[in-house]
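Notes follow the structure.
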Amino acid sequence: MILVTGATGTVGRPLLDLLLDGGAEVRAVTRDPASANLPAAVHTIEGDPARPDTIAHALDGVTALFLNPRAVGQGADPGPVTAAATRLLGLARERRVRRVVALSALNVDHDPADQPSRLRGEYNKEVEAAAAASGLEWTALRSGYFATNTIGTWAAQIAAGDTVRGPYAHASWAPLHERDLAAVAARALLTGDLAGRRPVLTGPRALTQPRMVELIGAAIGRPLRFEEAPPEAAREGMVRSGMPAALADGFLRLQERSYLQHDLVSGEVEKILGRPGIPFDQWAAEHATDFRTDAP
């Protein structure tokens, strides 16, 4: 039995399907089972991983745990998140869970200034550290830039016209398909092959923003182009949309530095899965409805 936290999220939802396909029994923790819309074969458990005692019973009979940092809490102070992760892992150890696979990030060992997600309460570093110190067999998946981030960044602009504006056209990184990340997580949970490892996971090819926009255009059947804009204009737009100024500054610094992965293609997805990672053009084709203005 495998227990998945963050089961309705970007990684958790495809992970459920992959685990079921691998023949595993799966439990999924969610705060709202009525709206979760999970596969019928999944044992859905109502509870809150940020309050571990509410899901202690769900750990009985579990062999492996997928730990999503967002699931165990967010906030201005990392203390409660660390405490929740440590408590959850302690309960898991008491109930003889053998392994934990923690979702982490490529930048966790960098300066806090290079981890702007911490400003919105995401504490990958602390949760990864809790997993490594848990006494369980552990793996930390250090993911790079998610391809799905382009939806939030560009979809509104694409709906409004054929030009996408943003800073740092020269920046280049390898967007990671969420299904590849979920597939690596499934391998780690099902086999323990990645025990004690912190693989850095990227997409199979580094791309500039103009090239990514071009590929999205091909997927939706419209010619799109990227137009470089001053960082100050991008910052103003982000703040105007409600993003705190400090968070906007942090993400712009990361973008200028290609999210700390300039042209980085780690190759770990292919090594672990025995197949190439899914390219961005395929991701764009699968997500075309997220960018089409005629989508229902």
Checklist line | Subset of region 190-223 (residues that are in a loop (DSSP other than H, G, I, E, B), small (Gly, Ala, Ser) and over 19 Å from the mean Cα position of the chain (by Cα)) | finding: Gly192, Ala195, Gly196, Gly221
Check: Taking Val127, is it of a type in the set (Val, Ile, Thr), assigned to a strand (DSSP E or B) and in contact with a strand residue (DSSP E or B) (Cβ under 7 Å, 6 or more places away or on another chain)?
Finding: no
Check: Quick check, is Pro14 under 21 Å from the mean Cα position of the chain (by Cα), assigned to a helix (DSSP H, G or I), buried (at least 19 other Cβ atoms within 10 Å of the Cβ) and not hydrophobic (A, V, I, L, M, F, W, C)?
Finding: yes
Check: Restricting region 62-97 to residues that are buried (at least 18 other Cβ atoms within 10 Å of the Cβ) and among the small types (Gly, Ala, Ser), which is modelled with the lowest pLDDT?
Finding: Gly73
Check: Is it true that Arg235 is among the basic types (Lys, Arg), surrounded by fewer than 17 Cβ atoms within 10 Å (Cβ to Cβ) and not assigned by TED's automatic domain parsing to the domain that holds His110?
Finding: no
Notebook entry, point to check: Do we find that Pro204 is over 15 Å from Ala147 (Cα atoms) and of a type outside the set (Ser, Thr, Tyr) in this structure?
Noted result: no
Checklist line | For Lys271: the one exception among (1) out of contact with any strand residue (DSSP E or B) (no Cβ under 7 Å at 6 or more places or on another chain); (2) closer than 20 Å to Val164 by Cβ; (3) basic (Lys, Arg); (4) at pLDDT 90 or above | finding: (2)
Check: Within region 17-43, which residues are surrounded by fewer than 17 Cβ atoms within 10 Å (Cβ to Cβ) and in a strand (DSSP E or B)?
Finding: His43
Checklist line | Selected residue [touching a strand residue (DSSP E or B) at 6+ places or on another chain (Cβ under 8 Å), hydrophobic (A, V, I, L, M, F, W, C) and either outside any loop (DSSP other than H, G, I, E, B) or closer than 20 Å to Ala186 by Cα (or both)] from Ala7, Ala56 | finding: Ala7
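The values are calculated or read from the model by the stated rules, or taken from the named source; none is laboratory data. Keep in mind it's a predicted model, so treat the numbers as computed, not measured. Glycine gets a Cβ as well: all are built from the backbone with ideal geometry, and neighbour counts include every protein chain shown.
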